[in-house]
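What follows is one structure encoded as structure tokens, with my remarks underneath.
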Amino acid sequence: MIGDAVLVFNRMPRQDTISWNSVISGCSSNGLNSEAIELFIRMWTQGQELDSVTLLSVLPACAQSRYWFAGRVVHGYSVKTGLIGETSLANALLDMYSNCSDWQSTNQIFRSMGQKNVVSWTAMITSYMRAGLFDKVAGLLQEMVLDGIRPDVFAVTSALHAFAGDESLKQGKSVHGYTIRNGMEKLLPVANALMEMYVKCRNVEEARLIFDRVTNKDVISWNTLIGGYSRNNFPNESFSLFSDMLLQFRPNAVTMTCILPAAASISSLERGREIHAYALRRGFLEDSYASNALVDMYVKCGALLVARVLFDRLTKKNLISWTIMIAGYGMHGFGKHAIALFEQMRGSGIEPDAASFSAILYACCHSGLAAEGRRFFKAMQKEYKIEPKLKHYTCIVDLLSRTGDLKEALEFIESMPIEPDSSIWVSLLHGCRIHKNVKLAEKVADKVFKLEPENTGYYVLLANIYAEAERWEAVKKLKNKIGGRGLRENTGYSWIEVRSKVHVFIADNRNHPDWNRIAEFLDDVARRMRQEGHDPKKKYALMGADDAVHDEALCGHSSKLAVAFGVLNLPEGRPIRVTKNSKVCSHCHEAAKFISKMCNREIILRDSSRFHRFEGGRCSCRGYL
DNA sequence: CTAGGGTTAG
């Protein structure tokens, strides 16, 4: 009841230092940061005596509001009066500077401290973490122990948080051991921090074990594991845990941001809409995290217009909101819209960062806007001083490859200041296929095989390039080379949601109860395609009649099956939404185009790199597969 | 009257 406390304070006939301290600390612990700082200034200018508790009470307010200047003043006063010699005050200064991202001052104070206690060390761990220097935390922890300080619950949770951010499972496990040895692993903050560490290190099973052993779970425990399942691609586990939660615990707005990505990852519009309705009823959409996650969910479920309406209604758009929408237009092939939005964002005074540039470059790339893409790439470096990362380079290589500037793309890769990864070479390899440059393809494929020898899909890609050039002897040679590796390992699959049920189609899945109807329908489609002059040329290398291993073994044309299932089972007029775990093959792409015209239906297909919207025999990707 | 910790969106 800070308001009442202030009233009492104001009516006191005489206030001493303790009265002032009480009310200042009351303000800062209730989030009234500017009020705390104002009171502090009034106290000082009125000549009231300040002591170390005064400074300790105002510093958290400076830290929380990132009011560096006020903190600096307190620091100066502490040095002049010698109060900085008190460990507790120095600790508060550490946290203030670390919150204000003044890394240098934090370090300087820590080094000059005579007496360091467990709080000082914990503040430093947090500070390293905030500065992104995760790798230094382990060393700091060791130093701390050597200094004779035993990490307590606070130190442990801080360190775990750092190891989560760094994905250092080994260090995290060693802290886990420490917590068990010291009997603190069941304390809620520790258990939650351990779960977060395991989840971020992609070990959800271990996180689950901890979750099941915690008896007094709080909302953070639930959210951590639900979010853990989502981010590690276990959408079903995420949904089922969320259902469990609804039966015994009240979710909050953070829960929405943990569960929504699960719906987004499998493009489940029905699930997404259920969560939307729930969040709306509970008033969670006031939360900027939740509403951004909601827009992203609609984007990824292919409901671009709904996403846009919700985006427009956001009362406060931050960098994340804009980036979600820009990336959304990019995924759906609306490059021009993405650019317009990007400019609008800059006009509203929001500065793009590395991630938003990767969204806009991606958008240019998937709409074939080469000149614009290059312009953004330049602006990013020159105007915004952002160092391009692999993602950005990949977009440019993709752009140059698609437009046929293969030589320039190669030179671009060779001139990169950072080591190119396989995906960059794969972009160029796809370019070689589109523009039929076998010679360069061989050279590039060699790089890809060296970097990813296990990924058989790339051998198929090269074989297809040979085949399209009718270089059959080279196809044969390559086939012999890869013969024993089993091309069926990474199968593609597609899924579609019909009446709240997800139907998954894998290559040649004849087990589906509707198989006969699907086959019949697709036979009909193939016959009509032939009648209209679509020639199913045997242009794909591994499709030789003599060989069981062919392109289809890796695709199985699962998207075609899912589309057919949709046509047969969804009411007329409803769009058919299919999702695929890898790139759609050109065969399915052609078939989807044809079906959209033949049945007069809208087909929205999300593959691993973008959305394809088929209508009247055309696709929104305009050939930029 | 006083210092450090755990969940979330691109």
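The values are calculated or read from the model by the stated rules, or taken from the named source; none is laboratory data. Being a predicted model, the structure only gives us computed values, none of them experimental. Note: ideal-geometry Cβ built from the backbone for every residue, glycine included; neighbour counts use all protein chains shown. Please note that ligands, DNA and RNA were not included when accessible areas were found on the heavy atoms of the full protein model with its side chains. Shrake-Rupley method; radii C 1.70, N 1.55, O 1.52, S 1.80 Å.
Observations on the structure shown:
- Single residue of the range A:512-533 satisfying the filter (open to solvent by 70 Å² or more (accessible area, probe 1.4 Å) and not acidic (Asp, Glu)) that is farthest from the chain's Cα centre (by Cα): A:Gln531
- All conditions but one from (1) under 22 Å from the mean Cα position of the chain (by Cα); (2) in a loop (DSSP other than H, G, I, E, B); (3) more than 26 Å from A:Val578 (Cβ to Cβ) apply to A:Thr224; the one that does not is (2).
- The residue of the range A:416-426 that is surrounded by the most Cβ atoms within 10 Å (Cβ to Cβ), among those that are of a type outside the set (A, V, I, L, M, F, W, C) and in a loop (DSSP other than H, G, I, E, B), is A:Pro420.
- Among the candidates A:Ile465, A:Ile413, the residue that is touching a residue at least 24 places away in the same chain (Cβ under 8 Å) and either in a helix (DSSP H, G or I) or within 22 Å of A:Phe376 (Cα to Cα) (or both) is uniquely A:Ile465.
- Output for the range A:369-392, where each listed residue is under 15 Å from A:Ile339 (Cβ atoms) and open to solvent by 70 Å² or more (accessible area, probe 1.4 Å): A:Ala371, A:Arg374, A:Arg375, A:Lys378
- Complete set of residues in the range A:393-407 that are open to solvent by less than 30 Å² (accessible area, probe 1.4 Å) and more than 26 Å from the chain's Cα centre (by Cα): A:Leu400, A:Ser401, A:Leu406
- Residue that is farthest from DNA strand B (Cβ to nearest atom), among those in the range A:213-269 that are in contact with a strand residue (DSSP E or B) (Cβ under 9 Å, 6 or more places away or on another chain) and of a type in the set (A, V, I, L, M): A:Leu269
- Matching residues in the range A:115-134 - criterion: being of a type in the set (A, V, I, L, M) and surrounded by 19 or more Cβ atoms within 10 Å (Cβ to Cβ): A:Val119, A:Ala123, A:Met124, A:Ile125, A:Met129
- Among helices (runs of 4 or more DSSP H) entirely within the range A:313-408, having at least 3 residues that are within 15 Å of DNA strand B (Cβ to nearest atom) and in contact with a Phe, Trp or Tyr (Cβ under 9 Å, 6 or more places away or on another chain) singles out A:319-331, A:335-347, A:354-366, A:390-402.
- Residue within the range A:8-15 that is surrounded by 15 or more Cβ atoms within 10 Å (Cβ to Cβ) and either in contact (Cβ under 8 Å) with a residue 24 or more places away in the chain or at positive phi (or both) present: yes
- First in the range A:423-446 and without any contact (Cβ under 8 Å) to a residue 60 or more places away in the chain, second anywhere and open to solvent by 70 Å² or more (accessible area, probe 1.4 Å) and aliphatic (A, V, I, L, M), Cβ under 8 Å, 6 or more apart: A:Trp425/A:Leu451
- Restricting the range A:165-197 to residues that are among the acidic types (Asp, Glu) and more than 8 Å from DNA strand B (Cβ to nearest atom), the residue that is surrounded by the fewest Cβ atoms within 10 Å (Cβ to Cβ): A:Glu167
- Given (1) near DNA strand B (Cβ under 9 Å from one of its atoms); (2) open to solvent by 30 Å² or more (accessible area, probe 1.4 Å), number of the condition A:Gln104 does not satisfy: (1)
- If you go through the range A:120-164 and keep only what is more than 24 Å from A:Pro60 (Cα to Cα) and within 8 Å of DNA strand B (Cβ to nearest atom), you end up with just A:Ala164.
- Criterion (over 21 Å from A:Thr106 (Cβ atoms), near DNA strand B (Cβ under 10 Å from one of its atoms) and surrounded by fewer than 21 Cβ atoms within 10 Å (Cβ to Cβ)) met by exactly one of A:Ile24, A:Ile2, A:Ile18, A:Ile41: A:Ile18
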